[in-house]
Amino acid sequence: MGNYLAAKMRLNSLVRKQNKSFNVRICTMESDMEFSCEMKWKGKDLLELVCRTLGLRETWFFGLRYHVKDTVAWLKMDKKVLDQEVPKEEPITLHFLAKFYPENVEEELVQDITQHLFFLQVKKKILEEKIHCPPEASVLLASYAVHAKYGDYNPNVHKPGFLAQEELLPKRVINLYQMTAEMWEERIAACYAEHSGRTREEAEMEYLKIAQDLDMYGVNYFLIRNKKGTELLLGVDALGLHIYEPDNRLTPKCSFPWNEIRNISYSDKEFTIKPLDKKANVFKFNSSRLRVNKLILQLCVGNHDLFMRRRGVASLEVQQMKAQAREEKARKQVERQLLNQEKQRRQEAERVRDELERQLLRLQDEARMADEALLRSEQTADLLAEKAQIAEEEAKLLAQKAAEAEAEMKRIKATAMRGHEERRLMEHKMLEADRMALKMAEQSQRRAKEAEQLRQDLLEARQSEHRAKDKLLEITSRAYTYPALPMDCLPPELSFSKENLSFDFKDTDMKRLSMEIEKEKVEYTEKSKHLQEQLNELKTEIESLKLKERQTPLDAAHDHNAEQGASKHSNLKKLTLQSAESRVAFFEEL
């Protein structure tokens, strides 16, 4: 296998010499690019080509990284690409990444492309847990990442479940709490809804502003040993060198800012740092390999140069870039204002349109109702006309009957006149009948009175029967049951009424309503507070669901720092107040 690889490398070398060029694949955070390079190209030539392709001018933050054996290395700018330990197989794979981090992202990152590349790299490191991030900050960072991708929150578009396929939180955070994916999404969406009005660039900058305060942000860690052979970690970042215990990468034990370091060098595996104070002892440590010392020195020199450049006068190029960035920002601000005005006008037009549509629907309903009323009126008119016709026919029939009745009356009168004697006899009989009817009426009244008296007697008899039954029941119960306690012997707490029960219920409702109103006031006040209060609120919300047995050592260290009120900057400030000599002595005693 070794002979095969050696033969393949020699073949690739011959092909390169014949072609006088070689191919390189550059892997960025978003996509891959391939270039054909000349044999004589140095690292800076290739880096400039990549930056020019991306439209990137802030080249000093970035580098080309490659894997060599069991570690990584950065392409040196002043050496030919092929003279370095890059992979020999073509195309040569290099990773375009941020090599040095700014102290203050808002002040130092000028171009949008620079900011975007830092955002992608830092987000990837947080998700891969190479940068420790507490749970509450993870939720807030996830909300800014969602805003950078989806824009302003829209409840009609961003419905529950729209983040189901997104990787937004470190797995460590997800496993640390008894929360479902829906519960995490609900909290992220609640924060996301508060970021409305920001552009993608502003959301990414807010993400970086929060991330730069994380303890492990921008720190490169290396395993070292002091004179006693104690294993420690060396951290190299934009502010200086820091010494950590292996199980706690958050809180440094001692620190050396760049402005207190006079010289850095290494010999074989021993690394030497000379403080600016010549009276102080030299700071020495050993690394595992010579290649690691080269990498440490490279990072130290680059970070130190940027540290001194930040504290000096900005170069003409940087000043021009910042001026262009300000102009671009002002132009985008004007465009955004115009866009917002247009958006407001569109929303107003949509509101007017909706109102007109509602009015049209209302008018249509009224027209429909009027048509129905007209139809009912027509039906009623037809019915009345039919009734009028029937009434007219009935009137004709009655007139005919009246005429017949009149004729009959005339006939009866004629007959009556002929039977006058008969009528007088008839009257006598009628008088007799009236007297008989009067007599029968008197008898009827008498019988009614008798019936009423009988009903009264029956009612009294039934009441007497009921009283007798009650008496019998009372006698029976006295014979077979114990005497009952009188009501005044009952404890006062057992006596209640429906009125009291109703009052208590209404009072409970009022208390619950007051509590809900008070809760809404508190939530409204908390939304207007500082970022740290927002993080504390998120932490409080999910703290009860935390599974403490799943905490990592870094989680425990972060909680301890939070309880002590310590932060990344306060720790560094506290350590730098010590003298360089005492820090060196402390390191050697570890």
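Within 10 Å of each candidate Cβ there may be at most 10 other Cβ atoms; applying that plus a DSSP loop requirement, which trypsin sites (Lys or Arg not before Pro) in the range 263-368 survive?
On the way: sites: LYS269, LYS278, LYS279, LYS284, ARG289, ARG291, LYS294, ARG309, ARG310, ARG311, LYS322, ARG326, LYS329, ARG331, LYS332, ARG336, LYS343, ARG345, ARG346, ARG351, ARG353, ARG358, ARG362, ARG368; in loops: LYS269, LYS278, LYS279, ARG289, ARG311.
Those that pass, being in a loop and sparsely packed, are LYS278, LYS279, ARG311.
Less than 5 angstrom separates the built amide H of LEU64 from those of LEU75, all sequence-distant by 5 or more or on a different chain.
Please give the net charge around GLN364, taking every other residue with its beta carbon less than 14 angstrom from that of GLN364, where Lys and Arg add +1 and Asp and Glu add -1. Kindly include the intermediate steps, with their values, before the conclusion.
Working: positive: ARG358, ARG362, ARG368; negative: GLU357, ASP365, GLU366, ASP371, GLU372.
After counting each charged neighbour, the total is -2.
For THR28, the residues whose modelled amide H falls within less than 5 Å of its own, excluding neighbours fewer than 5 places apart on the same chain, are MET33, PHE96.
Can you send over the carbon and sulfur percentage of the accessible area for the range 339-459, probe radius 1.4 Å, protein chains only? Numbers along the way, then the final one.
Details: 6660 of 11330 Å².
Whole-percent figure for carbon plus sulfur exposure: 59.
Here is the list for the range 53-98: GluC sites (Glu not before Pro) lying in DSSP coil, each with at most 15 other C-beta atoms within 10 angstrom of its C-beta, are GLU85, GLU89.
In sequence order, the range 341-358 has phi-based couplings of 5, 4, 5, 5, 5, 5, 4, 5, 4, 5, 5, 4, 4, 4, 5, 5, 5, 5 Hz under the Karplus curve 6.51 cos²θ - 1.76 cosθ + 1.60, θ = phi - 60°, and Gly or Pro positions carry x. With 22 Å as the limit, write out which pairs from LYS20/LYS99; LYS123/LYS573; LYS76/LYS99; LYS209/LYS573; LYS227/LYS269 have Cα-Cα distances beyond it, or answer none. Beyond 22 Å between Cα atoms: LYS20/LYS99; LYS123/LYS573.
Just check the range 301-397 against the gyration tensor rule for me: Cα atoms, a ≥ b ≥ c as the square roots of the eigenvalues, rounded for a/c under 1.5, and otherwise prolate or oblate depending on whether a/b exceeds b/c. Note, shape of the range 301-397 comes out prolate.
When only the Cβ of Lys, Arg, Asp and Glu is charged (+1, +1, -1, -1), the dipole of the range 25-123 relative to its Cα centre reaches about 380 debye. In order along the range 206-216, phi translates into HN-Hα couplings of 4, 4, 5, 5, 6, 5, 5, 8, 6, 4, 9 Hz, rounded to whole numbers, per the Karplus curve 6.51 cos²θ - 1.76 cosθ + 1.60 with θ = phi - 60° and x for Gly and Pro.
Once the piece of chain linking ARG346 and ALA323 is laid out straight, how much longer is it, given 0.36 nm per residue of separation minus the C-alpha distance between them?
Working: separation 23, 0.36 × 23 = 8.28 nm, distance 3.40 nm.
Gain on extension, ARG346 to ALA323, equals 4.9 nm.
So if I place +1 on the C-beta of Lys and Arg and -1 on the C-beta of Asp and Glu, and nothing else carries charge, what would the dipole magnitude of the range 289-379 be about its Cα centre? I want it in debye, nearest 20. The partial results should precede the final answer.
Details: 21 positive and 16 negative charges, 316 e Å.
With only Lys, Arg, Asp and Glu charged at Cβ, the dipole is about 1520 debye.
Couplings for the range 232-239, taken from phi via the Karplus curve 6.51 cos²θ - 1.76 cosθ + 1.60 with θ = phi - 60°, read 9, 10, 9, x, 10, 9, 5, 9 Hz in order; Gly and Pro are left as x.
State whether the range 151-240 is rounded, prolate or oblate according to the following rule on the C-alpha gyration tensor (a ≥ b ≥ c being the square roots of its eigenvalues): a/c under 1.5 gives rounded; otherwise a/b larger than b/c gives prolate, and the remaining case gives oblate. Each step should come with its number before you reach the end.
Working: a/c = 4.51, a/b = 1.98, b/c = 2.28.
In terms of gyration-tensor shape, oblate.
The values are calculated or read from the model by the stated rules, or taken from the named source; none is laboratory data. Given the structure is predicted, the values throughout are model-derived calculations rather than measurements. Here Cβ is always computed from backbone atoms with ideal geometry, including for glycine, and neighbour counts include all displayed protein chains. For the accessible areas, the whole protein counts, side chains as well, though only heavy atoms, and no ligand, DNA or RNA atoms are used. Shrake-Rupley method; radii C 1.70, N 1.55, O 1.52, S 1.80 Å.
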